[in-house]
Every structure is written in structure tokens, then in C-alpha cells.
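Here the structure is laid out as C-alpha cells; the discussion comes afterwards.
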Amino acid sequence: MTHKTKSETWNETIVAVKHPPREGMTAERPGPFSPYITKEQLVSGVDELGHRIEEEIINALAFSPLTEALFEGVYPPSKKNPIFAMEAFLLFHRVGLYPPHWVLDWMEKAFSDYLESGGEEDLLYLLGVKRGPGKTEIFKEHRTQTYENNMMHEIGHLTLLRISIEKAAEMVSARLDKENFDHPTTETLMERFSKRGWSKIYKQLEKILPSSRLDAIRAGLSNYPGDTIPAKFR
């Protein structure tokens, strides 16, 4: 396999930065270590050294923009629920990646305000863990959003296979009917997916996900009623 030169790698779009190894590497003898993951590497599924990019890393990088949308308030009036930022921090750290900028910005703002106040301000309020009177408790809010989030993500995954939003919503609705789950109508699912910005997010994800991820989504089509699956996938 031919590896790219360092100058060629610098011209690519960096989408993630790895933690340095905790042990076994020194400045004098760095060993084989590629600190960056680029958009081009992610699409190919192989890093600069020719190693396969782990599925856990691909999951984290797909998870980040979806979670950022929830954190930024895709479901008004909910906004800045810190559980989403915490989940992203833990996921990235556990797979050996530095957290996304939006997570670090959340932490930096809270820590900076706390230190500037000399400890007078409540750090839990600054982080958004505690909320003021009349505000929904963060775990309750998180739970109420999870079910719809799952439906939106399921539709989104189907659109990555170039299935239309209308058809994807129909497939998800039919699967939920088959399994006796309550859910919004197909029309409502379509409307929420489009108006809440999920379609734009998944169009961006389509540009960076490797073919292996699409293969996994394609394999999952068997979970849907046969008459709803597009003919080209039957």
C-alpha cells in the first residue's frame, strides 16, 4: 500500500485528533503513530499508516454532529442540555480521541465563568446540570427526547442509502406498527425530520462515512416489512 507524504496529508481536512499513546512512545523514538484522522481517511476506512479505522471511532465521529444538534436545541425550547455534551466527551475519550470543539467550548465557558467568579457562582448551574425554577430537569428532558431521536436517526440512516425521506419515514412507521410501538404518523415523521434539520445533518454525514457503514445499514433492511423495502434492495 502506498502511503501519502506528510505534505499531502496536511492538505486534507482533519476531522479528529487522537490522544498520544499513554506509554511505549518517546519524543526520541515516536514509533508508528498517526495523530490525525482526515475526512479522506475516514471515507476510505484506512488511516495514514494503512491501518483500518476502528468502528468505535467511526461511531464517535458520526455521533458528534447528531449530538451537537440536540445540545444546540433542535427541540425548542430545550437547549444546552449538558447530558449530550457529557455523552460526547465520554465517547470520544474512551476511543482515544480529543473531544469535539463544541464540547470543549461548553466546558471552557463554564470553567472560565466559575474561576472568574472566585467560586461564587455554582459550577453545576454554569455547566447546565442544575436549572432554574420552571425549567425541565435534564434527565427527564433527555428521556423524553430519546424515543423521537431514535426514530429520526433511523430515518437518517435510511437516507444514507439514497432512500427518500418519504420512503424512509414510511419504512420506520411500518416497522414500529409491526412491533406494536406507538409513534407519530408517517407525515409527521417526515415533517419533523426535515424541519428540525436532521436532513441537512445526514447529508453532511453522507460525505464522510465509509462504505462499511453503509453496508451495515443495508444489512439492517431485513428488519423492515418486505413490502416497504425499495425494489432495488430486495
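A few notes on this one:
For (1) touching a Cys at 6+ places or on another chain (Cβ under 9 Å); (2) of a type in the set (Phe, Trp, Tyr); (3) outside the structural domain of residue 83 (by TED's automatic domain parsing), each residue gets a yes or a no:
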{"position": "123", "(1), (2), (3)": "no, no, no"}
{"position": "129", "(1), (2), (3)": "no, no, no"}
{"position": "164", "(1), (2), (3)": "no, no, yes"}
{"position": "202", "(1), (2), (3)": "no, yes, yes"}
{"position": "217", "(1), (2), (3)": "no, no, yes"}
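- Looking at the stretch 115-234, the helices (runs of 4 or more DSSP H) lying wholly inside it that each contain 2 or more residues that are more than 16 Å from the chain's Cα centre (by Cα) sit at 123-127, 138-159, 165-178, 186-195, 211-219.
- Boolean, residue 203 is more than 30 Å from residue 38 (Cβ to Cβ) and basic (Lys, Arg): no
- Residue in the stretch 195-204 that is modelled with pLDDT under 95, aliphatic (A, V, I, L, M) and under 22 Å from residue 67 (Cβ atoms) present: yes
- Filter result (in a loop (DSSP other than H, G, I, E, B) and modelled with pLDDT of 60 or more) within the stretch 27-50: 31, 32, 33, 34, 35, 45, 47, 48, 49, 50
Each row is one residue, and each column tells you yes or no for (1) within 24 Å of residue 153 (Cα to Cα); (2) within 20 Å of the chain's Cα centre (by Cα); (3) of a type outside the set (A, V, I, L, M, F, W, C).
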site	(1), (2), (3)
21	no, no, yes
49	no, no, no
59	yes, yes, yes
65	yes, yes, yes
68	yes, yes, yes
100	yes, yes, yes
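- The test for being aliphatic (A, V, I, L, M), surrounded by fewer than 18 Cβ atoms within 10 Å (Cβ to Cβ), modelled with pLDDT of 95 or more and assigned to a helix (DSSP H, G or I) does not hold for residue 91.
- The listed residue being of a type outside the set (Gly, Ala, Ser) and on the phi > 0 side of the Ramachandran plot, out of 109, 135, 80: 80
- Checklist (1) small (Gly, Ala, Ser); (2) outside any loop (DSSP other than H, G, I, E, B); (3) at pLDDT below 90 applied to residue 112, failing item: (3)
- Flag for residue 148 being surrounded by 14 or more Cβ atoms within 10 Å (Cβ to Cβ), closer than 19 Å to residue 81 by Cβ and in contact with a helix residue (DSSP H, G or I) (Cβ under 8 Å, 6 or more places away or on another chain): yes
The values are calculated or read from the model by the stated rules, or taken from the named source; none is laboratory data. Keep in mind that this is a model prediction, so the values were computed, not measured. All Cβ positions, glycine included, derive from the backbone under ideal geometry; neighbour counts span all protein chains shown.
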